[in-house]
Amino acid sequence: MAVQGPLSGITVLDLTRVLAGPNCTAILYKLGARIIKVENPVGGDDARQFPPFLPDGESAYASVMNHGKESIALDTRRNPDDKLLFDELVKRVDILVENFRPGVLTRLGYDDATLLKLNPRLIISHISGFGQTGPASQLPSYDLVAQGMSGLMSLTGEKNRQPVKAGISLGDITGGVFAALSICAALFDRSKHGKGVSLDMALSDVLMSLMPIEFITYTVGRKIPQPTGTRHRLIAPFDVFHAKDKDLIVCAANDHIYVAICEVLGKPELATDERFATNPKRVENVEVLEAIMNAILATKTAAEWIAEFKEKGVPCGPINRLDEVLAEPQIQHRQMEAHFAEGYAPEATFPGNPLKSSLYNDVTEYPRGPKLNEHAQAIKQWVKETPAKPLPTI
């Protein structure tokens, strides 16, 4: 089932596996692109072996990350016919995405120059741990390694405790997002000059780019940021607090909101207390302020406090488990709960499309991920019937 979107009519040759690359092409699919996934005939994408497994034996992980894509298995190294077919695919697609270790594609006979000779309009997206160039480019990398080397882990965790990784594979997921963004920009650029391009996305670069304030704190403030748990480094109060039954989040980004918090707490005098009257003072005395707030918040439930804070316009909220997230009315309204189409694996629920557009309807049901080599015949027929991309004319 094709998705209608701004990339409808665009075809992607997807050589990716596991997470960062498949997330990139999943985003392109949600934007309307057709994704032809090329896999190793022996086992295919490594993610096909990852639990949990659906009733038909397919990996739920792989099916979610590759929903709506088409699969063909090719061995370009050992099978001349497969190599010829791959060449013909390259000539007909708009985008090629890969996340091998740098150099692997070249050893397979497909460096950038070769690919662009086959299709001068091709947009090539390379996704790797440390990029295609530099002294670390050939090092093996996983998301955890990138989180550590980028500096992100040095900021994550509780004060005076061992650094921890983010709760998700943040480098892989955001690397896929940034790769999709760069591809969309390259498509726009190609519309002006008609030429293909090679894009280089490093997970370590992406994670570093997520920390502009932290680097400024070091380079200008001459202070290396340390882990602060859930507490904001520069704003207070801005943290997780403890109510009678469970935790909640309360944030004051300015003095006006802080005054409202004090009113809800029944302690308006805290707004003029010289220890807390300004944000710099509140940051300086944050532990004292939070102790006062927690003592008061412990007298009511989180739901009671959230209702009162919302009435005063204070940014606040619960800390939801995933089952609670799916039950949130806002999530349902935004159509962020997606399922597989045609009743396939009805127990499987995954995030919907966050990219909303006034021109296209939201889709909440997607085709399952492809079985290995499921679309080989259809793809071969498409190659026979479809001419190669024309040479640039602009």
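Listed values, structure above:
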{"read-out": "Cβ-based net charge around PHE178, under 15 Å, with every Lys or Arg adding one and every Asp or Glu removing one", "value": "-4"}
{"read-out": "Charge dipole (debye, nearest 20) of the chain; +1 at Cβ of Lys and Arg, -1 at Cβ of Asp and Glu", "value": "1080 debye"}
{"read-out": "Expected-Rg normalisation [2.2 N^0.38 Å, Cα atoms] applied to the chain", "value": "1.17"}
{"read-out": "Selected from PRO120, PRO22, PRO268 as most flexible by GNM, with the chain as the system and alpha-carbon contacts under 10 Å", "value": "PRO268"}
{"read-out": "Contour excess over end-to-end distance, with Cα ends at ASP75 and ALA185 and 0.36 nm allotted per residue", "value": "36.5 nm"}
{"read-out": "Proximal charge balance of LYS165 [Cβ under 12 Å; K/R count +1, D/E count -1]", "value": "-2"}
{"read-out": "Contour excess over end-to-end distance, with Cα ends at GLN162 and SER8 and 0.36 nm allotted per residue", "value": "50.8 nm"}
{"read-out": "Environment charge of ARG48, counting only residues whose C-beta is closer than 10 Å and scoring Lys/Arg +1, Asp/Glu -1", "value": "-2"}
{"read-out": "Amide H contacts of GLU365 (H built 1.01 Å from N, under 5 Å, at least 5 apart or other chain)", "value": "HIS339"}
{"read-out": "Expected 222 nm ellipticity per residue - DSSP helices of 4 or more, -39500 (n - 2.57), all of the chain, to 500", "value": "-10500 deg cm²/dmol"}
{"read-out": "Pairwise FRET efficiency - ILE319 versus VAL259, Cβ, R0 = 25 Å, nearest 0.05", "value": "0.50"}
{"read-out": "Listed peptides 273-281, 75-83, 181-189, 257-265 by packing density, highest first (mean Cβ within 10 Å)", "value": "257-265, 181-189, 273-281, 75-83"}
{"read-out": "Calculated FRET efficiency for the pair GLN138/LYS356, C-beta based, R₀ 51 Å, to 0.05", "value": "0.80"}
{"read-out": "FRET efficiency, 1/(1 + (r/R0)^6) with R0 35 Å, evaluated for GLU328 and HIS193 via beta carbons", "value": "0.15"}
{"read-out": "Kirkwood Rh in Å, taken over region 316-394 so that all alpha-carbon pairs contribute", "value": "16.5 Å"}
{"read-out": "Low-density loop positions, trypsin sites (Lys or Arg not before Pro), region 350-382 - DSSP coil, at most 15 other Cβ in 10 Å", "value": "LYS356, LYS371"}
{"read-out": "Descending semi-axes in Å of region 350-394, equivalent ellipsoid built from Cα gyration tensor", "value": "29, 22, 8"}
{"read-out": "Paramagnetic reach from ALA341 in region 1-40 [backbone N under 12 Å; point 7 Å along Cα→Cβ]", "value": "1-4"}
{"read-out": "Under 16 Å from the Cα of LYS37 - aspartates and glutamates, other chains or at least 8 residues apart", "value": "ASP14, ASP45, ASP46, GLU70, ASP75, ASP82, ASP87, GLU88, ASP94, GLU98, GLU374"}
{"read-out": "Convex hull per residue volume in Å³, alpha carbons only, for region 1-101", "value": "106 Å³"}
{"read-out": "Karplus-derived HN-Hα couplings along region 289-303 (A = 6.51, B = -1.76, C = 1.60, θ = phi - 60°), whole Hz, x at Gly and Pro", "value": "4, 5, 5, 5, 5, 5, 4, 6, 4, 5, 8, 9, 6, 4, 4"}
{"read-out": "Fully extended contour minus Cα-Cα distance, from LYS371 to LEU391, at 0.36 nm per residue", "value": "3.8 nm"}
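Just so you know, all these numbers are worked out from the coordinates, no wet-lab data involved. Since we're looking at a predicted model, the values are computed, not measured. Glycine also receives a Cβ, built like all others from the backbone with ideal geometry; neighbour counts cover every protein chain displayed.
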